[in-house]
Amino acid sequence: MAKRYEYLRFRLPTKQVSITPGVSDLLEKAEEEGIKTAWHRWLEQQPQCGFGLLGVCCRNCNMGPCRIDPFGYGPTRGTCGATADTIVARNLLRMIAAGAAAHSDHARDIVRVLRLLAEGRAPGYRITDSEKLRSVATSLGVPVEGRDDMEILKDVLPILEGEFGKPNEGPLKLLEALAPKKRVKVWEKLGVVPRAIDREICECMHRTHVGVDADPTSLLLHGVRTALSDGWSGSMMATLLSDILFGTPKPIKAVANLGVLKEESVNIVVHGHNPVLSMKVVEAAMSDEMLDYAKQFGARGVNVVGMCCTGNEILMRLGVPIAGNMLMQELAIITGAVEAMVVDYQCVMPAVVDVAGCYHLGSVLRRYLTL
């Protein structure tokens, strides 16, 4: 077993730090075992930086970092002359760029899987919701009558791939096809209709560089345009294509919280965002081969549970129970009941590696990291 953390400088002031049942008990267990969690690290940061909370610190160039006193007792402009409003708007725009990049890159991964499927290079995947494929194709102007799914998919893919970056500056195809026409006219009037996902993200970084855009209103309007490129193309594309690949969710009844971990089963937590991985982990765990393999070692079976966003993907499509939200990822390991946590990207805390190293997951993790 790996070495525990150093002495905990701070202990949580009260047991009732969360309304979620079981969280307080596991945090108490973590403290007894010398394990820091997100709650402890947050407590160590108090009081948090007031400049950071207000967004009035800037390190976008090497003349900084600069920080503005919004109350009039200190500096009112950065070295370059940026006001508090400009600095706040620039910082917000960079956050929008990061968010749009993350969600839209999720879509890019799923488009890639569908491209491999169309080329016959992804035998483990298939089109599950043909009706959704045909609906999307029709919205994009792709003919569907008398054609099979693969023919339609091969015509849809170039359109979706072009959403990320294209040579012309026409509007995004998904936005053009699916957004309310009345609302699009408002966006056109404001000049915030997005052109391409990657173009808008790139321009966020350009505008926020020193010596470019210093008008807070202009910066925030481009933030709207970037957000629209993600919301009406990137994120929407990820949703539509996930439905096509794995099925469109329907209302189901399920259970949640850390009690879904089973004492006599091999517990695997899938964590992250992308169902391309988590759905296949569930598929493998449900196979007779895995069930028989688990029984060889005295377990009743393989119990896959979800964590955070990809947990919702398998919950709403397969009824797989979800063990918790983002803040509970460390606590799932601290139970001592988890054999593996399979992650992809987004919402995965770096500290998960440290916590896993304190339990029997650590040996598995170290073998993986040395490959």
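The values are calculated or read from the model by the stated rules, or taken from the named source; none is laboratory data. Everything numeric in this text was worked out from a predicted model, so none of it was measured. When we count neighbours, we look across all protein chains shown, and the Cβ atoms used for this are built from the backbone with ideal geometry, even at glycine.
Quick look at the values:
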quantity: Residue selected from the stretch 321-345 under the condition part of a loop (DSSP other than H, G, I, E, B) and of a type outside the set (Gly, Ala, Ser), by the criterion surrounded by the fewest Cβ atoms within 10 Å (Cβ to Cβ); calculated: TYR345
quantity: Hits in the stretch 30-78 - residues which are in contact (Cβ under 8 Å) with a residue 24 or more places away in the chain and of a type in the set (Ser, Thr, Tyr); calculated: THR37
quantity: Pairs, first closer than 18 Å to ALA84 by Cα in the stretch 215-243, second among the acidic types (Asp, Glu), C-beta under 6 Å, six or more apart; calculated: PRO216/ASP85; LEU219/ASP213
quantity: Residue in the stretch 197-204 that is touching a helix residue (DSSP H, G or I) at 6+ places or on another chain (Cβ under 6 Å), of a type outside the set (Phe, Trp, Tyr) and modelled with pLDDT under 95 present; calculated: no
quantity: Filter result for LEU133 (of a type in the set (A, V, I, L, M, F, W, C), surrounded by 14 or more Cβ atoms within 10 Å (Cβ to Cβ), within 30 Å of ALA214 (Cα to Cα) and more than 17 Å from the chain's Cα centre (by Cα)); calculated: no
quantity: Near pairs, Cβ below 8 angstrom, 6+ apart or cross-chain, from the stretch 177-199 (farther than 23 Å from HIS103 by Cβ and without any contact (Cβ under 8 Å) to a residue 12 or more places away in the chain) to any residue that is outside any helix (DSSP H, G or I) and small (Gly, Ala, Ser); calculated: none
quantity: Some residue of the stretch 99-112 being modelled with pLDDT of 95 or more, more than 23 Å from LEU219 (Cα to Cα) and outside any helix (DSSP H, G or I); calculated: no
quantity: Output for the stretch 200-212, where each listed residue is in contact (Cβ under 8 Å) with a residue 60 or more places away in the chain and either surrounded by fewer than 19 Cβ atoms within 10 Å (Cβ to Cβ) or hydroxyl-bearing (Ser, Thr, Tyr) (or both); calculated: MET205, THR208, HIS209, VAL210, GLY211
quantity: So GLY99, is it of a type outside the set (D, E, K, R), touching a residue at least 24 places away in the same chain (Cβ under 8 Å) and at positive phi; calculated: no
quantity: Checking ASP230 against (1) of a type in the set (Asp, Glu); (2) more than 17 Å from the chain's Cα centre (by Cα); (3) modelled with pLDDT of 95 or more, the condition it does not meet; calculated: (2)
quantity: Residue list for the stretch 271-307, filter: touching a helix residue (DSSP H, G or I) at 6+ places or on another chain (Cβ under 8 Å), of a type in the set (A, V, I, L, M, F, W, C) and within 20 Å of LEU241 (Cα to Cα); calculated: VAL276, LEU277, MET279, VAL282
quantity: Any hit, the stretch 223-241, residues being part of a loop (DSSP other than H, G, I, E, B) and either crowded, with 19+ Cβ neighbours inside 10 Å or of a type in the set (Val, Ile, Thr) (or both); calculated: no
quantity: Some residue of the stretch 50-63 being of a type in the set (A, V, I, L, M), within 28 Å of the chain's Cα centre (by Cα) and closer than 29 Å to SER278 by Cα; calculated: no
quantity: Selection from the stretch 170-199 of residues that are farther than 28 Å from LEU117 by Cβ and under 28 Å from the mean Cα position of the chain (by Cα); calculated: PRO180, ARG183, VAL184, TRP187, VAL192, VAL193, ARG195
quantity: The stretch 138-153: number of residues that are touching an Asp or Glu at 6+ places or on another chain (Cβ under 9 Å) and over 18 Å from LEU178 (Cβ atoms); calculated: 2
quantity: Pick from the stretch 182-199, criterion among the basic types (Lys, Arg) and surrounded by 16 or more Cβ atoms within 10 Å (Cβ to Cβ), ranking: nearest to MET236 (Cα to Cα); calculated: ARG195
quantity: Any pair with Cβ under 7 angstrom, 6 or more apart, that starts in the stretch 149-167 at a residue that is without any contact (Cβ under 8 Å) to a residue 60 or more places away in the chain and within 15 Å of SER229 (Cβ to Cβ) and ends at one that is outside any helix (DSSP H, G or I) and of a type outside the set (Lys, Arg); calculated: GLY165/ALA196; LYS166/ALA196
quantity: Unmet requirement for THR128, which otherwise passes all of (1) part of a helix (DSSP H, G or I); (2) closer than 30 Å to GLY272 by Cα; (3) in contact (Cβ under 8 Å) with a residue 60 or more places away in the chain; calculated: (1)
quantity: Matching residues in the stretch 242-300 - criterion: being of a type in the set (S, T, N, Q), in a helix (DSSP H, G or I) and surrounded by fewer than 19 Cβ atoms within 10 Å (Cβ to Cβ); calculated: GLN296
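Table: residues versus (1) closer than 24 Å to LEU245 by Cβ; (2) aromatic (Phe, Trp, Tyr).
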| residue | (1), (2) |
| --- | --- |
| GLU145 | yes, no |
| ASP148 | yes, no |
| PHE164 | yes, yes |
| GLY170 | no, no |
| LEU174 | yes, no |
| ALA177 | yes, no |
| VAL184 | no, no |
| TRP187 | no, yes |
| VAL193 | no, no |
